[in-house]
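Note sheet for the following structure.
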Amino acid sequence: DMTCLKGFIMVRKFNFNPGPATLPYSVLEKAHSEFLDFQNSGMSLMEMSHRSKNFDAILENTKNNLRTILSVPEDYEIIFMGGGASTQFAMIPMNFLGADQTADYVNTGVWSTRAIKEGKLFGKVNIAASSEETKFDRIPTEFNFSENATYVHITTNNTIYGTQYKTFPNVGNVPLLADASSDFMSTKIDISKFSIMYAGAQKNAGPAGVTVIIIKKSMLDRVVDRPIPTMLKYSTHVSKNSLYNTPPVYPIYMVGLVAEWILEQGGIEKIQAMNEAKAKLVYDVMDEMGDYYHGTVQKDSRSLMNIPFRLSSEDLEKKFLAESAEKNLHGLKGHRDVGGIRASIYNAMPIEGVEALATFMKEFAAANPKA
Ligand SMILES: *Cc1c(COP(=O)(O)O)cnc(C)c1O
């Protein structure tokens, strides 16, 4: 239980939703405390110009903190846009895939499939690898990259299926572009391996409404010759520092607070260690209990962020969901494509929440022997 600022008691749920997802409580408190009067400005940030000094500082701080957290090299730009990760699915081929050119895509699930669909609108798509035949239960290990691909696109973490790359494919000199929506800032990665990394904020970086895009500046030299709407050009947002039009001011502020929180935790190494410890709690229960909790993912592809599993019957799964909800464990229903249970344990899920889940899983199994 938590005592809120107004003095009433709120029972804060452990929120395992896949996205929008739980945020650090201290971030919510900070936003709350600044909501009505932003830093003695006499107004809310909600009401403030995106060209104000206050927002200028937020934008710069947020970019700098993201740069620090991920060690983003100098020759990369960080931009913020609306439209979600899904708009990036279209913007990437619109900007970088000519009608006669080929882009390589790795298909690891629903989000990759959606990216592929948009790619095909603009040029040729080669599926360099896919795990569709095994119901997306793994990250492929063999890739058939094409001779002259203009880029390779991957999904670093597959939110629905619960798979995650542990190492990234070697693509040589071809730009590697990644949808990192559901594992952004969760582990230490080498950004210089990627030419574009983008993430809808609402999983690991903030609230819905903003997409963070980290783009190598030299990508702008590779833009294909076709009419592209101004708002859908990367160059527009890079050259105007995300201020060509009104950006999602409040979500960017929230991403900034989350970035500060990550630094307060000790940075990306500490976050990664926490994420590994949290995921281990759940995977250990699954592994120790035989097949009571049937993981749907090959062990070497297991995600630190999203953990799907099935029980022996749908009735038992319903009971699991009902009883977990009574214990304040919220949002554990699996995606309809996989069914069963999915625990999304992003950066902001406290270890206490995962401990409570692991304890519940053990107690539930003991009380409900497999038929
Ligand atoms: C949630 C999600 C998306 C979709 O993001 P929107 O911001 O809703 O467009 C895309 N890719 C991945 C990996 C996701 O988890």
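Nothing in this text is a laboratory measurement; each read-out follows from the coordinates by a stated rule. Here the structure is a predicted model, which means the values were calculated and not measured. Cβ coordinates were reconstructed from backbone atoms using ideal geometry, including for glycine residues, and neighbour counts include every protein chain displayed.
When the alpha carbon coordinates of the chain are projected onto the principal axes, the ranges are 63, 58, 30 Å, largest first. For T296, the residues whose modelled amide H falls within less than 5 Å of its own, excluding neighbours fewer than 5 places apart on the same chain, are R310.
Can you give the Rg/Rh ratio of region 266-371, where Rg is from the C-alpha atoms and Rh is the Kirkwood radius?
Details: Rg = 13.4 Å, Rh = 14.0 Å.
My calculation of the ratio gives 0.95.
When Lys and Arg each count +1 and Asp and Glu each count -1, what net charge do the other residues less than 11 Å away from P350, Cβ to Cβ, add up to? Each step should come with its number before you reach the end.
On the way: positive: R12, K278; negative: E352, E355.
Net charge around P350: 0.
List the pairs from K193/K217; K13/K333; K217/K270 whose alpha-carbon separation is above 21 Å, in the order I gave them.
Numbers: K193/K217 14 Å; K13/K333 15 Å; K217/K270 29 Å.
The answer is K217/K270.
What shape does region 16-128 take by its C-alpha gyration tensor, where a ≥ b ≥ c are the square roots of the eigenvalues and a/c under 1.5 counts as rounded, a/b above b/c as prolate, and the rest as oblate?
On the way: a/c = 2.56, a/b = 2.06, b/c = 1.24.
In terms of gyration-tensor shape, prolate.
The DSSP beta bridges internal to the chain are antiparallel in roughly 60% of cases.
Relative contact order, whole percent, for the chain stands at 22, derived from Cα pairs under 8 Å and 6 or more residues apart.
Assign one of three labels to region 48-199, namely rounded, prolate or oblate, based on the Cα gyration tensor with a ≥ b ≥ c the square roots of its eigenvalues; rounded applies when a/c is under 1.5, prolate when it is not and a/b is larger than b/c, and oblate otherwise. Before the final figure, lay out the partial values.
Values: a/c = 1.86, a/b = 1.59, b/c = 1.17.
Because a/c hits 1.5 or more and a/b exceeds b/c, region 48-199 counts as prolate.
Backbone geometry of region 235-250 corresponds, through the Karplus equation with coefficients 6.51, -1.76 and 1.60 at θ = phi - 60°, to 3J(HN,Hα) couplings of 4, 4, 6, 5, 5, 9, 6, 6, 10, 4, 10, 6, x, x, 4, 5 Hz, x marking Gly and Pro. In region 171-300 the Cα-Cα distances spread across 10 Å bins starting at 0 as 10, 30, 32, 18, 8, 2 percent of all pairs. Averaging Cα coordinates gives a centre for region 143-161 and one for region 199-258; these two points are 21 Å apart. Each residue of region 78-122 gets 83 Å³ once the volume of the Cα convex hull is shared out per residue. Residue by residue, region 28-37 carries 3J(HN,Hα) couplings of 4, 5, 4, 4, 4, 5, 9, 5, 7, 9 Hz when phi is fed to the Karplus relation 6.51 cos²θ - 1.76 cosθ + 1.60 (θ = phi - 60°); x denotes Gly or Pro.
Working note: Karplus 6.51/-1.76/1.60 with θ = phi - 60° gives region 355-367 the couplings 4, 5, 5, 4, 5, 4, 4, 5, 5, 5, 5, 5, 7 Hz, where Gly and Pro are set to x.
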